[in-house]
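Enquirer: Please read through the structure below; I'll follow up with questions.
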Amino acid sequence: MIENQRLKHVDISVYHEAKKGNWCSGDAFYTIETDDYILCAVADGLGSGEQAMEAASAAMTEIKNNHDMDIETIMDRCNKVLFGTRGVVLTILKMDIQAEIIEYSNVGNITCTFYRPSGELVRPVPSRGYLCGKKKTFKTERIPYEKDLIFFLYSDGLIFDAKYHSIFSSKDSPTLIIERFTNVIKSSNDDTTLLVGKVIQ
Ligand SMILES: [Mn+2]
């Protein structure tokens, strides 16, 4: 399934597929734009199937109800509601439109990469582990952004090959970038989510 969203400040395209043979995906994503910020989140529930989906969607519901909070607080709230579930790995980006800063917080292997229009690649430092209600502290990394910056969030259903970097060009739309991915990715043995966003103003 491919979903394209044209928001006021960013274009987003998402590729989302369940593991082969499963009726549901244990990955989930959420995006929202307000007057002040844009938030994007991708989660991967541990394992696959219904219990993974339940954990990932519990995290998304918590984000949906609290996206105005700072991302460390949102991570903490997600962690708490995930007690008793399989747990999830989660990455949240929150873009402060006024300050032109992206805030990044993460636990586990939802990978995030930024492609600057200059060609510079920025990879924030990931944290190990997953959220399942155990006490945890969260970090926020702050990255300035500019028009035409592309961000890429993906779950471990994608085995990233270094040659895929050439798929990203700041001249192109997220829709086109996702289309190129669908031509090259092999069928995966895990739920797969690829979220590509581009700052348009
Ligand atoms: Mn996975």
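Enquirer: Using the Karplus curve 6.51 cos²θ - 1.76 cosθ + 1.60 with θ = phi - 60°, work out ³J(HN,Hα) for each residue of the stretch 12-28 in order, rounded to whole Hz, and write x for Gly and Pro.
Expert: 10, 9, 10, 9, 9, 9, 6, 3, 3, x, 9, 7, 9, 9, x, 8, 8
Enquirer: Moving on to the next point. Tell me the mean residue ellipticity at 222 nm calculated for the chain from its helices only (DSSP H runs of n ≥ 4, each -39500 (n - 2.57), averaged over every residue, nearest 500). Show your work: numbers first, answer last.
Expert: Details: 3 runs with 39 residues, N = 201.
It lands at -6000 deg cm²/dmol.
Enquirer: Which pairs in the list LYS8/LYS139; LYS80/LYS135; LYS19/LYS163; LYS8/LYS94 are over 18 Å apart, alpha-carbon to alpha-carbon?
Expert: Correct reply: LYS8/LYS139; LYS19/LYS163.
Enquirer: Amide H neighbours of ASP27 under 5 Å, at least 5 residues apart or on other chains, H built in the peptide plane: list them.
Expert: GLY45
Enquirer: At 30 angstrom or more along the helix axis (alpha-carbon based) and mean Kyte-Doolittle of 1.6 or higher, what helices does the chain contain? Whole DSSP H runs only.
Expert: Details: long enough: none.
The answer is none, since no helix passes both cut-offs.
Enquirer: Compute the longest continuous run of the chain that contains no exposed GluC sites (Glu not before Pro); treat a site as exposed when its DSSP state is not H, G, I, E or B and it has at most 11 other Cβ atoms within 10 Å. Spell out each step's value before the answer.
Expert: Working: sites that count: GLU120, GLU146.
By the stated rule (loop sites, at most 11 other Cβ atoms within 10 Å), 1-119.
Enquirer: Continuing with this model, one more query. Sort the stretch 7-77 into rounded, prolate or oblate with this rule: let a ≥ b ≥ c be the square roots of the eigenvalues of the Cα gyration tensor; rounded if a/c is under 1.5, and if a/c is not under 1.5, prolate when a/b is larger than b/c, oblate otherwise. Mind showing how you got there, number by number?
Expert: Details: a/c = 3.36, a/b = 1.53, b/c = 2.20.
Verdict is oblate for the stretch 7-77.
Enquirer: Something else: Taking the C-alpha atoms of the stretch 2-199, how large are the radius of gyration and the largest Cα-Cα span, Dmax, in Å?
Expert: In Å, with Rg to one decimal and Dmax whole: 15.6, 45.
Enquirer: Mean separation of Cα pairs under 8 Å and 6+ residues apart, divided by the residue count of the chain: what relative contact order is that in percent?
Expert: Values: 487 pairs, mean separation 52.1, N = 201.
Over the chain, the number comes to 26 percent.
Enquirer: For the stretch 1-98, which trypsin sites (Lys or Arg not before Pro) pass both filters: DSSP loop (anything but H, G, I, E, B) and at most 14 other C-beta atoms within 10 Å?
Expert: Working: sites: ARG6, LYS8, LYS19, LYS20, LYS64, ARG77, LYS80, ARG86, LYS94; in loops: LYS8, LYS19, LYS20, ARG86.
Here the sparse-neighbourhood loop sites are LYS8, LYS20.
Enquirer: Using θ = phi - 60° and the Karplus curve 6.51 cos²θ - 1.76 cosθ + 1.60, what whole-Hz ³J(HN,Hα) does each residue of the stretch 115-130 get, with Gly and Pro shown as x?
Expert: 10, 7, x, 6, x, 5, 9, 10, 10, x, 7, x, 10, 6, x, 7
Enquirer: Could you work out how far the C-alpha centroid of the stretch 32-81 sits from that of the stretch 142-190, in angstrom?
Expert: Centre-to-centre (Cα) distance: 21 Å.
Enquirer: If you don't mind, another one. By how many nm would the segment from LYS186 to ARG142 lengthen if fully extended, with 0.36 nm per residue of separation less the alpha-carbon distance? Don't jump to the answer; show the numbers that get you there.
Expert: Numbers: separation 44, 0.36 × 44 = 15.84 nm, distance 3.35 nm.
Between LYS186 and ARG142, full extension yields an extra 12.5 nm.
Enquirer: Please tell me the relative contact order of the stretch 109-201 in percent, rounded to the nearest whole number, where contacts are Cα pairs under 8 Å and at least six residues apart.
Expert: Values: 118 pairs, mean separation 34.0, N = 93.
Taking the mean separation of contacting Cα pairs over the length of the stretch 109-201, I get 37 percent.
Enquirer: Quick check: from the Cα gyration tensor, does the stretch 139-186 come out rounded (a/c under 1.5), prolate or oblate? Walk me through the numbers before you get to the answer.
Expert: Working: a/c = 2.41, a/b = 1.32, b/c = 1.83.
It is oblate, given that a/c is not under 1.5 and a/b is not larger than b/c.
Enquirer: Sorted by average packing, counted as other Cβ atoms within 10 angstrom per residue and highest first, what order do 35-48, 160-173 take? Working shown, then result.
Expert: Values: 35-48: 22.4, 160-173: 13.1.
Highest mean packing first, the order is 35-48, 160-173.
Values quoted throughout were computed directly from the atomic coordinates according to the rules given, and no laboratory measurement underlies them. No experiment lies behind these values; they were computed from the predicted model shown. Using ideal geometry, Cβ is built from the backbone for each residue, glycine included, and neighbour counts are taken over all protein chains shown.
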